[in-house]
Amino acid sequence: MIPTGRAPRILVTGGAGFIGSHTVVSLVEAGFEPVIVDNFSNSQQSALDGLRAILNRDVTCYSVDCNDRAAMTEIFEKEELRGVIHFAAYKAVGESVQQPLKYYRNNLDSLMLLLELMPAYGVQNLVFSSSCTVYGQPEQLPVTEETPRLPAQSPYGNTKAISEDIIRDTVNAQVPIRALALRYFNPVGAHPSAQIGELPLGVPANLVPFITQTAAGIRQSLTVYGSDYNTPDGTCIRDYIHVMDLAEAHVQALKKLNDAEIEASYDVINIGTGRGETVLTIINTFEQETGVKLNYTMGPRRAGDVEQVYADVTKASRELGWTASRTLAESLRDAWRWQEKLSLS
Ligand SMILES: NC(=O)c1ccc[n+]([C@@H]2O[C@H](COP(=O)([O-])OP(=O)(O)OC[C@H]3O[C@@H](n4cnc5c(N)ncnc54)[C@H](O)[C@@H]3O)[C@@H](O)[C@H]2O)c1
């Protein structure tokens, strides 16, 4: 049970980033007190302004690299934490191929430091950001948590698989940590207030930010990579989840860990909608919902893209009492509202 009285303090590494900032909102709404650690390597201070505007109060944020042992120790010492959500990581797939050690060092060292500090300060509950990338192209769809992981296609993807293993092995060694690795499918959208959202640095690698930037005139044209896949319209299929649904899944995961009586545990849970949508469906829905015509062309397949992947979400519903509730149309409207706000600022 969540104790009454002082709100349980939750360390949110990468809390100024896309998914982290939305989760901070959901945490506060659910009665937790987020403590953000972010080095702003892929986010901006303006995310904190957005959070203050939504929450109508200040948020605690340490401008700290979560590989900095001394600074992190001080935070654990001071904050009397009750749990950790570990978002902080580098996530650019292409860059990870060029600079693998940068990715292994940041993504793995930060996790290992947390796994050392948590038991030292009696912090048991850990929610970890994993990814459906660990499944590669699964043979059967929808993909369940029992589906075997496939060798990663990139150093970034490999950091997620290795991180899962590091957590599992730590828990198996009876370190008193209860952990849930959430395997996210494709987070999209933004907070409906348009105060926070995704801030891709440079050319976006993901479809929806590319769509909104093209619609806003920042990019000239969108290329659809591949139209000859074995899907209803020939384009790739993904499971697009509204970032606020994803944020709420973290709260449910924390509550589940809080309620657990076992000392050490580890599990993985898919977080998606359970629906697969083609790229052309996303484009058409975006045009319908916003009234903006998109300039796009069909191009060749892109190396490394899987044809289709979408989640079986039975386990999330059973274990977390959570299902995604927002529609694709809502996600795309919210993504566009955010882009319009960015274009004005
Ligand atoms: N967005 C996606 O499509 C997606 C899909 C699956 C998994 N994930 C994972 O979810 C997590 C959050 O993703 P996001 O989309 O919000 O990314 P993001 O880049 O917007 O957020 C990550 C945040 O972590 C911070 N950060 C990175 N390294 C840090 C360090 N060493 N110390 C302190 N802060 C650091 C960045 O500044 C950024 O604010 C990541 O672990 C990512 O790999 C994301």
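So, by mean Cβ neighbours within 10 angstrom, what's the order for 10-18, 223-231 with the highest one leading?
10-18, 223-231
How many angstrom lie between the Cα centre of the range 148-165 and the Cα centre of the range 32-70?
Spelled out, the Cα-based centre of one part sits 27 Å from the other.
Taking the Cα-to-Cβ direction at Glu74 and at Arg302 and moving 7 Å from each Cα, how far apart do the two end points lie in nm?
So the two model labels end up 4.0 nm from each other.
Among residues other than Gln252 whose Cβ falls under 11 Å from its Cβ, what is the net charge (Lys/Arg +1, Asp/Glu -1)?
Net charge in that neighbourhood comes out at -2.
If you take every residue apart from Ala71 with its C-beta less than 13 Å away from the C-beta of Ala71, what net charge results, scoring Lys and Arg +1 and Asp and Glu -1?
Local charge sum for Ala71: -4.
Please give, to one decimal in nm, the separation of the simple spin-label points placed at Gln98 and Ser265, each 7 Å out from Cα toward the Cβ.
According to this spin-label approximation, the distance is 4.3 nm.
What is the angle, in °, between the Cα long axis of helix 279-290 and the longest principal axis of the Cα atoms in the chain? Nearest 10 is fine, range 0 to 90.
Approximately 90 degrees, to the nearest 10.
If you plug each phi of the range 178-184 into the Karplus form 6.51 cos²θ - 1.76 cosθ + 1.60 with θ = phi - 60°, what whole-Hz ³J(HN,Hα) values come out, in order, with x for Gly and Pro?
Running phi through 6.51 cos²θ - 1.76 cosθ + 1.60 with θ = phi - 60° gives 9, 10, 10, 9, 9, 8, 6 Hz.
List the residues whose amide H sits under 5 Å from the amide H of Tyr266, counting only those 5 or more places along or on another chain, with H placed 1.01 Å from N in the peptide plane.
Those qualifying (amide H under 5 Å, at least 5 residues apart or on another chain) are Ala179.
Can you give the charge dipole size of the chain about its Cα centre, rounded to the nearest 20 debye, using +1 on the beta carbon of Lys and Arg and -1 on the beta carbon of Asp and Glu?
440
Can you find, among Phe128, Ala216, Gln339, the residue sitting farthest towards the positive end of the charge dipole of the chain, where Lys and Arg contribute +1 and Asp and Glu -1 at Cβ?
Final value for the positive-end residue is Ala216.
What residue among Cys66, Gln99, Pro204 has its Cα farthest toward the positive end of the dipole of the chain, where the charges are +1 on Lys, Arg and -1 on Asp, Glu, each on the Cβ?
Result: Pro204.
Given a 1.4 Å probe, how much area per residue of the chain is accessible, in Å²?
That works out to 43 Å² per residue.
For the range 122-183, restrict the atom set to alpha-carbon positions and state the Rg and Dmax in Å.
When restricted to Cα atoms, the range 122-183 yields Rg and Dmax of 12.7, 41 Å.
For the range 90-106, take each phi angle, set θ = phi - 60°, evaluate the Karplus expression 6.51 cos²θ - 1.76 cosθ + 1.60, and give the result in whole Hz per residue in order, putting x for glycine and proline.
Running phi through 6.51 cos²θ - 1.76 cosθ + 1.60 with θ = phi - 60° gives 7, 9, 7, 4, x, 5, 5, 6, 6, 10, x, 5, 4, 6, 4, 5, 5 Hz.
What does the charge count near Pro187 come to, summing +1 for each Lys or Arg and -1 for each Asp or Glu among other residues with Cβ under 13 Å from its Cβ?
Here the count lands on -1.
In a solvent-free Debye calculation with one equal scatterer on each Cα, what is log10 I(q)/I(0) for the range 150-253 at q = 0.14, 0.15 Å⁻¹, listed in the order of the q values?
Summing over Cα pairs of the range 150-253 leads to -0.82, -0.92.
Taking the convex hull of the Cα atoms, report for the range 193-253 its projected area averaged over all directions, in nm².
Taking the Cα atoms of the range 193-253, their convex hull projects to 6.3 nm² on average.
Sequence gap at least 6, Cα distance under 8 Å: using those rules, report the relative contact order of the chain to the nearest whole percent.
RCO, the chain: 20 percent.
Projected onto the charge dipole of the range 133-271 (+1 at Lys/Arg Cβ, -1 at Asp/Glu Cβ, origin at the Cα centre), which of Leu180, Gln140, Ser227 gives the Cα projection farthest towards the positive end?
Projecting each Cα onto the dipole axis, the largest value belongs to Ser227.
Nearest 10 degrees is fine. How inclined is helix 69-79 to the longest principal axis of the chain, computing both from alpha carbons?
70
Sort 21-28, 304-311 by packing, meaning the average of other beta carbons within 10 Å per residue, with the highest value first.
21-28, 304-311
Mind checking the dipole of the range 60-204: about its Cα centre, +1 per Lys or Arg Cβ, -1 per Asp or Glu Cβ, Debye to the nearest 20?
Using only the charged Cβ atoms, the result is roughly 160 debye.
Taking H placed 1.01 Å from N in the peptide plane, check which residues at least 5 places from Gln308 or on another chain put their amide H under 5 Å from its amide H.
Under 5 Å from the amide H of Gln308: Ile237.
Output wanted: per-residue J couplings in Hz (rounded whole) for the range 252-263, from phi through Karplus 6.51 cos²θ - 1.76 cosθ + 1.60, θ = phi - 60°, x for Gly and Pro.
After applying 6.51 cos²θ - 1.76 cosθ + 1.60, I find 5, 5, 4, 5, 4, 5, 4, 7, 5, 9, 5, 6 Hz.
Which distance in nm do the two modelled labels at Phe40 and Leu344 give, with both placed 7 Å along the Cα-to-Cβ direction?
Label-label distance for Phe40 and Leu344, simple model: 2.4 nm.
Post the alpha-carbon centroid distance, the range 83-102 to the range 119-143, in whole angstrom.
14
Which trypsin sites (Lys or Arg not before Pro) in the range 45-145 pass both tests, a DSSP loop state and at most 16 other beta-carbon atoms within 10 Å?
Arg57
For the range 1-124, give the magnitude of the charge dipole about the Cα centre (Cβ charges: +1 Lys/Arg, -1 Asp/Glu; no others), in debye to the nearest 20.
Around 180 debye, computed over the range 1-124.
For the range 280-345 and the range 209-254, what is the centre-to-centre distance using only Cα atoms, to the nearest Å?
Here the two parts' Cα centres lie 4 Å apart.
Using a Gaussian network model on the chain with a 10 Å cutoff between Cα atoms, which of Ala71, Ala247, Ala179 fluctuates the most?
Ala71
The values are calculated or read from the model by the stated rules, or taken from the named source; none is laboratory data. Treat the numbers as computed from the prediction; the structure is a model and nothing was measured. Note: ideal-geometry Cβ built from the backbone for every residue, glycine included; neighbour counts use all protein chains shown. When the accessible area is computed, the model is the full protein with side chains, heavy atoms only, and any ligands, DNA or RNA have been set aside. Shrake-Rupley method; radii C 1.70, N 1.55, O 1.52, S 1.80 Å.
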